[in-house]
Amino acid sequence: MGHSSPTADTGAGHKGRFNLNRAQVVDENFVACVRQLGEQQRARSTRSRDVAGAPGEADPPIASGSDLRCSDVLQLFESQLITRHQDIMAREMRARNEGFYTIGSAGHEGNAVVGRLTRHTDIAFIHYRSGAFMAERSRQVPDIDFVRDTMLSFAASADDPISGGRHKVWGSVPLWVPPQTSTIASHLPKAVGCALSIPRVKRIGLKLPIPDDSIVVCSFGDASCSHATAQTAFNAAARAAHDHLPVPILFVCEDNGIGISVETPRGWIENTYSRRHGLKYFGGDGLDLIEAYGATAKAVAYCRVHRRPVFLHLTTVRLLGHAGSDAETEYHTWEQIKANEARDPLLASARLVIEHGLMSPDEVLELYEKIRTRVRDAAAYAASRPKLTDVAGVVSALAPSSPNAVDAELRRVSSHADRVRVFGGEDQLPERGAPRHMAVLLNHGLTDLLLKYKEAVILGEDVARKGGVYHVTTGLTAKFGVGRVFNTVLDETTILGLALGGAHLGLLPIPEIQYLAYYHNAEDQIRGEACSLQFFSKDQYRNPMVVRIAGWAYQKGFGGHFHNDNSIAALRDIPGLIVCTPARGDDAVKLLRTCMAVAKTDGRVVAFIEPIALYMTRDLYEPKDGKWSFPYPSPDESISLGEGMVYRGHAGDLTHESNSADDLTIITFANGLYMSLRAARTLAAEHRLQARVVDLRWLNPLNEDFIARQAEATGRVLVVDESRRTGGVNEAIMAILVERCGGKVRAARVTAVDTYIPLGAAADLVLVQEADIVVGALNLMKN
């Protein structure tokens, strides 16, 4: 079937010059083409019904050898028309300042066949040009008004059922379409994670929220294939398939040959992915419903039956530019723009239904105008609906908090019999043992958490047999099996993507990032994907997880910057992310329990930064004093979100509050607590200064009331921050002291230098040292 058609150089009122309103031109082209087909038909005085199948068959196939039925064609065509009118209306709404999104699906309407051939329970992480997919999938669930819902989204109305006016996203809870961000390809790793989790959930004895033979749909554009994140996903899927793991994912590449203004070389996608080991390739013309349907049907069937990753390559065309603000004439000639418009898939679909006698040209135009009216009415309705009007409404879904429910979850503990079984006997229960250092206590804590949460899984590089670089997860695979504690490929984006995808299916992942510096390789999986999901879905979708990160500095003589990273600025400015860091082993266990309860109950994402230098630390003041070794806390002990600790004297003399007349307050965390306690001892012994040392524990959000109260207790505050002076936690604390305490508090900072950390003893030159804390305190007391 050909794709050429008459193309209007000008639109109404634009005689003699090129019409920059290509939405109007494409609209007029469609009408003109259908009218021309009507004239040709009248000239022949025929209305053919050139379809396959037996005479009189109620719903014959549209062509010989095709499974595409005539009824399928009519509904697919209607979905395509709906999407086209939505694209046109989006631009009209934007011109009236009633709509706020113009990245359309024009030219990609062939993806309707994917919406038809997959189930609504096949969870879909989709491309932003997936309007026709959504229109077609919505037929599978009653009572969804796809047109109205889309217009509400365009209008940023608070009534938008998926995001509540926070963003224009394709998404739906009943259709199993989590909302996607606009970050190119960032959704691919979690789609792979979701596909890998379908068999994993079953393997560990949990119930899937979707049918067992479900597949995962993941669509994207050709330009996205060049993104490192996409390559990560393809690699992870292919590697898993090579290892004979089930990976039922349908990658759908909608190839329009361009990424904004940069052309994709012709043949690049096919030549690259048709030969890629571990991916089964299917290709088809996305502009032709018959061919697209056939290719997609084969791809879906292969994926569902063989449970292997499939790469479906559909040729499309991009119409109306990248978005409404895109001046396509800056990089395409008029002739190129018109040539693309002549390939409009709606023209091909109109010819299909007319030439096969499914509709007359007049009926096509009648349907086209009927849909236009429906979309226009929905747009007017959406423009009149309420918008978000206050801060509380905007952020209400960002960071759900239910303290009472979290407390109840923390009180729920595993049975004593189960703990005896897993730990290997009554006398092996960790709370009956001697005080231990942090690494051992965390290992016991993770054991208890895996026992308590049957849906919890630990994943990362080397976490299985080796037990992690620092042996924190030693023995957990032996206790709980490879289905729950397993190694991944050496890629942080994959680790976090697998966790994200698993969380969509009910798992409670505990991914491990080996070093804090390595987190930055995959930051967008947390910033752009994990922490945005509740916000953009009105808390209807959740991907809870606790990300364990071995971090901070002070590994003496080892590793340099990449194993001693002290910067968490990139974590602290992620909306909704909880950041927690312990300084001692018993706290680490209790804090981790709270983090898991918050993730489980409120769906939150938590970064749990474990100080590497304190993993094996046993002593505080003197060798073999054992003052940094602690008993294992009983299973019902925890530390509340935001709860800090106040120390006076030494580690064994502490209280939540103190009314004593201390001379100054030292506010710190992690390694800073260890050093500050030692510095406080020096201040008391050599300078007769009594310092209260405050361990924040929670770095995001900061407990402002607690900080202000501890600062005002002494009136002098030294902030000891092992991260950098610029971008460190210290900046936020100092701002709190100014805003909350005014002139009642005098404050100073001791921080690391704004630099990468060098190797060996040179690290001490740029990191906070105990002597720096002592000097800082003395200088503060002089003023």
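The values are calculated or read from the model by the stated rules, or taken from the named source; none is laboratory data. Not measured: the values here are computed from a predicted model. Virtual Cβ from ideal backbone geometry, glycine too; neighbours counted across all protein chains shown. These area figures cover heavy atoms from the full protein model, side chains too; ligands, DNA and RNA do not enter into them. Shrake-Rupley method; radii C 1.70, N 1.55, O 1.52, S 1.80 Å.
Give the residues of the stretch 529-566 that are polar (S, T, N, Q), in contact with a His (Cβ under 8 Å, 6 or more places away or on another chain) and open to solvent by less than 20 Å² (accessible area, probe 1.4 Å), sorted by residue number.
Within the stretch 529-566, just ASN543 meets the criteria.
What number of residues within the stretch 106-127 are more than 16 Å from VAL317 (Cβ to Cβ) and not aliphatic (A, V, I, L, M)?
Total satisfying the criteria: 8.
For the stretch 368-449, which fully contained helices (runs of 4 or more DSSP H) count at least 1 residues that are touching a residue at least 60 places away in the same chain (Cβ under 8 Å) and open to solvent by 20 Å² or more (accessible area, probe 1.4 Å)?
Where helices (runs of 4 or more DSSP H) fall fully within the stretch 368-449 and carry at least 1 residues being touching a residue at least 60 places away in the same chain (Cβ under 8 Å) and open to solvent by 20 Å² or more (accessible area, probe 1.4 Å), they are 391-395, 403-411.
Hey, among the residues in the stretch 102-132 that are open to solvent by 10 Å² or more (accessible area, probe 1.4 Å) and outside any loop (DSSP other than H, G, I, E, B), which one's farthest from TYR381 (Cα to Cα)?
Top of the filtered list is LEU117.
Identify the single condition in (1) open to solvent by 10 Å² or more (accessible area, probe 1.4 Å); (2) touching a residue at least 24 places away in the same chain (Cβ under 8 Å); (3) among the hydrophobic types (A, V, I, L, M, F, W, C); (4) under 23 Å from CYS194 (Cα atoms) that VAL482 does not satisfy, given that it satisfies every other one.
VAL482 satisfies all of (1) open to solvent by 10 Å² or more (accessible area, probe 1.4 Å); (2) touching a residue at least 24 places away in the same chain (Cβ under 8 Å); (3) among the hydrophobic types (A, V, I, L, M, F, W, C); (4) under 23 Å from CYS194 (Cα atoms) except (2).
Test GLY99 against the stated conditions and say whether it is at pLDDT below 95 and open to solvent by less than 10 Å² (accessible area, probe 1.4 Å).
Yes, satisfied.
From (1) β-branched (Val, Ile, Thr); (2) open to solvent by less than 30 Å² (accessible area, probe 1.4 Å); (3) touching a strand residue (DSSP E or B) at 6+ places or on another chain (Cβ under 6 Å), pick out the condition that doesn't hold for ILE337.
Of everything listed in (1) β-branched (Val, Ile, Thr); (2) open to solvent by less than 30 Å² (accessible area, probe 1.4 Å); (3) touching a strand residue (DSSP E or B) at 6+ places or on another chain (Cβ under 6 Å), ILE337 misses just condition (3).
When you scan the stretch 265-274, do you find a residue that is in contact (Cβ under 8 Å) with a residue 12 or more places away in the chain and touching a Lys or Arg at 6+ places or on another chain (Cβ under 6 Å), even just one?
Among the residues of the stretch 265-274, not one is in contact (Cβ under 8 Å) with a residue 12 or more places away in the chain and touching a Lys or Arg at 6+ places or on another chain (Cβ under 6 Å), which makes the answer no.
Could you run through the stretch 182-225 and say how many residues are farther than 21 Å from ALA241 by Cβ, within 11 Å of the chain's Cα centre (by Cα) and open to solvent by less than 30 Å² (accessible area, probe 1.4 Å)?
1
Report yes if GLU770 is without any contact (Cβ under 8 Å) to a residue 60 or more places away in the chain and open to solvent by 20 Å² or more (accessible area, probe 1.4 Å), otherwise no.
Taking the combined requirement at face value, the residue does not satisfy it.
Examine the stretch 159-179 for a residue that is farther than 26 Å from ILE526 by Cα, of a type outside the set (Lys, Arg) and either at pLDDT 95 or above or part of a helix (DSSP H, G or I) (or both), and state whether such a residue exists.
Scanning the stretch 159-179, I find at least one residue that is farther than 26 Å from ILE526 by Cα, of a type outside the set (Lys, Arg) and either at pLDDT 95 or above or part of a helix (DSSP H, G or I) (or both), so the answer is yes.
Answer yes if at least one residue in the stretch 134-144 is among the charged types (D, E, K, R), modelled with pLDDT under 95 and under 30 Å from ILE210 (Cα atoms), and no otherwise.
Scanning the stretch 134-144 turns up at least one residue that is among the charged types (D, E, K, R), modelled with pLDDT under 95 and under 30 Å from ILE210 (Cα atoms).
Those residues that are open to solvent by less than 10 Å² (accessible area, probe 1.4 Å), more than 31 Å from the chain's Cα centre (by Cα) and closer than 16 Å to VAL693 by Cβ, I need them from the stretch 707-751; list them, please.
If the condition is that a residue be open to solvent by less than 10 Å² (accessible area, probe 1.4 Å), more than 31 Å from the chain's Cα centre (by Cα) and closer than 16 Å to VAL693 by Cβ, then ILE707, GLN710, ALA711, VAL717, LEU718, VAL719, VAL720 are the ones that fit.
So, in the stretch 568-578, of the ones that are crowded, with 23+ Cβ neighbours inside 10 Å and not in a helix (DSSP H, G or I), which residue ends up nearest to the chain's Cα centre (by Cα)?
By that ranking, first place goes to ILE578.
Name every residue in the stretch 666-693 that is of a type in the set (A, V, I, L, M) and within 34 Å of the chain's Cα centre (by Cα), in order of residue number.
Listed by number, the residues that qualify are ILE667, ALA670, LEU673.
Answer yes or no as to whether ARG697 is surrounded by fewer than 18 Cβ atoms within 10 Å (Cβ to Cβ) and in contact (Cβ under 8 Å) with a residue 24 or more places away in the chain.
Spelling it out, it is not the case that ARG697 is surrounded by fewer than 18 Cβ atoms within 10 Å (Cβ to Cβ) and in contact (Cβ under 8 Å) with a residue 24 or more places away in the chain.
Residues ALA708, ALA763, ALA777: which one is part of a helix (DSSP H, G or I), closer than 25 Å to ARG681 by Cα and modelled with pLDDT under 95?
The conditions single out ALA763.
Can you tell me how many residues in the stretch 734-749 are of a type in the set (Val, Ile, Thr) and farther than 11 Å from VAL717 by Cα?
Qualifying residue count for the region: 2.
Going by the conditions given, is THR473 within 22 Å of VAL422 (Cα to Cα), part of a loop (DSSP other than H, G, I, E, B) and either modelled with pLDDT of 95 or more or open to solvent by 10 Å² or more (accessible area, probe 1.4 Å) (or both)?
yes
Any idea which residue in the stretch 264-292 is most open to solvent (accessible area, probe 1.4 Å), counting only those that are farther than 20 Å from HIS227 by Cβ and aliphatic (A, V, I, L, M)?
For the stretch 264-292, the residue satisfying everything is ILE290.
In the stretch 67-86, what count of residues is obtained for those that are open to solvent by 20 Å² or more (accessible area, probe 1.4 Å) and of a type in the set (S, T, N, Q)?
Adding up the residues that qualify gives 2.
Scanning the stretch 133-159 for residues that are touching a Ser or Thr at 6+ places or on another chain (Cβ under 6 Å) and open to solvent by 10 Å² or more (accessible area, probe 1.4 Å), which turns out farthest from ALA383 (Cα to Cα)?
Going through the qualifying residues, I end up with ILE144.
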